[in-house]
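Structure first, commentary second.
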Amino acid sequence: MKKVKKAIIPAAGLGTRFLPATKAMPKEMLPILDKPTIQYIVEEAIESGIEDIIIVTGKGKRAIEDHFDSAYELEQTLISKEKFDLLKKVQEPSKLVDIHYIRQKEPKGLGHAVWCARNFIGNEPFAVLLGDDIVQAETPCLKQLINEYDRTHSSVIGVKRVPDNETNRYGIIDPIEQQGRSFQVKNFVEKPEIEKAPSNLAIIGRYVFTPDIFMFLDKQEVGAGGEIQLTDSIQNLNKIQRVFAYEFEGNRYDVGEKLGFIETTIEFALKNKDLKENLLKFLKSKIEEHEHF
Ligand code: G1P
C-alpha cells in the first residue's frame with residue numbers, strides 16, 4: 001500500500017471575513033503571535049510525515065510564496081547586526097520542506113481548488129489541510145488520520161462535534177456505525193440548514209484521500225453556495241468505496257473567523273512564558289473594568 005506523502009493546502013480563498021485587513025494581504029498570513037497561520041498548517045503536515053506540499057494560491061497571494069522563500073537582504077542585515085536569534089526565525093520557514101505552488105484561476109470553490117492540484121498528486125493517496133483551523137494535539141491531527149488510513153486503506157475525513165446551532169457553517173456527516181473514534185458514514189452533507197443537520201459532527205479541514213476522489217472532482221457540479229464542493233465529491237466517492245470519518249483528539253482553534261482568531265491569540269499567548277504573566281494581569285483588569293457594567 002502506498003504511503004501518504006503528499007499534501008494539498010488550498011489557500012486561494014478571498015478572506016472576506018477579515019476585510020479590509022485581507023484586501024492586500026492573504027488571510028493565511030494573519031499571524032497568531034509571531035507566526036502566520038499557514039506556517040502552523042505546514043508544520044503540522046511535516047510533523048505528520050508529509051514530504052511534498054502544494055499550496056493552491058490565487059490572485060494577491062504572493063506573500064505566501066515569499067514567506068516560505070529565503071529573504072537574502074533581510075538575512076544579510078540580521079547577520080551584519082549579529083541578530084542570530086532573529087535570523088534563525090526568518091530562515092526557519094524556507095527550510096521546512098519543498099513547497100510547490102499552483103494557481104486556482106477562478107474562485108470556483110474548495111472542490112475545484114483541490115482538483116487544480118491533481119497532476120501533482122498523480123495516482124497516490126494524499127492529504128488536504130485547510131487553513132481555517134489550527135489543531136494542537138499530542139499526535140498531530142493529520143497524523144491521526146494517516147494512521148487511520150493505514151489501518152482501513154480508505155479515505156478518512158477529520159471531524160469534531162460543534163454546537164447544534166453552528167452546523168450550517170460546516171460539512172456535516174450522517175454517521176451509521178461508530179467504532180472508537182471511527183465512524184462509517186451514510187451521507188456527507190455540505191452546510192445543511194440547522195433543522196436538517198443529520199448530526200453535529202462537522203468536517204474540520206483535515207482529509208486523507210485515495211486518488212479516486214479525482215474521478216468525482218473531474219465532473220463535480222456546483223453545489224451549496226454555487227461552488228464546486230469537496231463534500232459533494234466525498235459523498236459520491238463514499239457510494240463506491242468506504243469513506244470513514246475520524247473524531248480526532250486535540251484542541252481545535254477556529255482562526256477563520258474573528259472571535260476564534262482572538263481566542264486563539266489569547267490562548268497561544270497564555271502558553272508563552274514571556275507573555276503569560278503580563279497578559280493575565282491585563283485580562284484580569286479588563287474583566288474587573290467590564291464587570292461594573
Ligand atoms: C469548508 C468545507 C466544509 C468544512 C469547512 C471546515 O467550508 O467546505 O465542509 O466543514 O471548510 O472549515 P468553508 O469554511 O471553506 O466554507
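To the nearest ten degrees, helix 84-95 and the longest principal axis of the Cα atoms of the chain are 20 degrees apart.
Within straight cross-link reach of Lys191, meaning Cα distance under 19 Å, which aspartates and glutamates are found once same-chain residues fewer than 8 apart are removed? Filter leaves Asp132, Asp133, Asp164, Glu166, Asp174, Glu221, Glu227, Asp232, Glu247, Asp254, Glu257. Neighbour counts of other Cβ atoms within 10 Å put Ile54, Ile8 in the fewest-to-most order Ile54, Ile8. For segment 149-293, averaging the sequence separation of C-alpha pairs within contact (under 8 Å, six or more residues apart) and dividing by the residue count gives a relative contact order of 25 percent. For the chain, the longest principal axis of the C-alpha atoms and the axis of helix 276-291 are separated by about 80°.
With the contact rule set at Cα under 8 Å and sequence spacing of 6 or more, what percent relative contact order holds for the chain? Intermediate results must be reported in sequence, preceding the final value.
Numbers: 520 pairs, mean separation 62.3, N = 293.
Once divided by the residue count of the chain, the mean separation gives 21 percent.
By DSSP, the beta bridges lying fully in the chain are antiparallel in about 60 percent of cases. Other residues with beta-carbon under 14 Å from the beta-carbon of Tyr246 carry, at +1 per Lys or Arg and -1 per Asp or Glu, a net charge of +3. Counted over all Cα-Cα pairs of segment 49-185, pairs farther apart than 23 Å make up 53 percent. The distance linking segment 198-276 with segment 1-35 is 13 Å (Cα centroid to Cα centroid, whole angstrom).
To the nearest ten degrees, helix 37-47 and the longest principal axis of the Cα atoms of the chain are 60 degrees apart. When Ile41, Ile287 are arranged by Cβ crowding within 10 Å, least crowded first, meaning fewest neighbours, the order is Ile287, Ile41.
Which of the trypsin sites (Lys or Arg not before Pro) found in segment 89-138 are in a DSSP loop and have at most 15 neighbouring Cβ atoms, other than their own, within 10 Å? Answer by residue number: Lys105. For segment 54-159, the list of GluC sites (Glu not before Pro) that fall in a loop by DSSP and count at most 16 other C-beta atoms within 10 angstrom reads Glu82, Glu138.
If you take the square roots of the eigenvalues of the alpha-carbon gyration tensor of segment 161-212 and sort them as a ≥ b ≥ c, do you get rounded (a/c under 1.5), prolate (a/b over b/c) or oblate? Please report the intermediate quantities before stating the final value.
Working: a/c = 1.82, a/b = 1.41, b/c = 1.29.
Prolate, because a/c is 1.5 or more and a/b exceeds b/c.
For segment 1-131, what is the percent of antiparallel DSSP beta bridges, rounded to the nearest 5? Bridges in segment 1-131 are about 10 percent antiparallel. By the count of other C-beta atoms within 10 Å, a proxy for reagent exposure, Asp212, Asp133, Asp85 are ordered fewest to most as Asp85, Asp212, Asp133. Helical runs (DSSP H, four residues minimum) scored at -39500 (n - 2.57) apiece and divided by the length of the chain put the mean residue ellipticity at 222 nm at -10500 deg cm²/dmol.
Readers should treat all values here as calculations from the given coordinates under stated rules, not as data from a laboratory. Because the structure is a prediction, the values reported are computed rather than measured. Every residue, glycine as well, gets a Cβ built from its backbone with ideal geometry; the counts of neighbours run over all protein chains shown.
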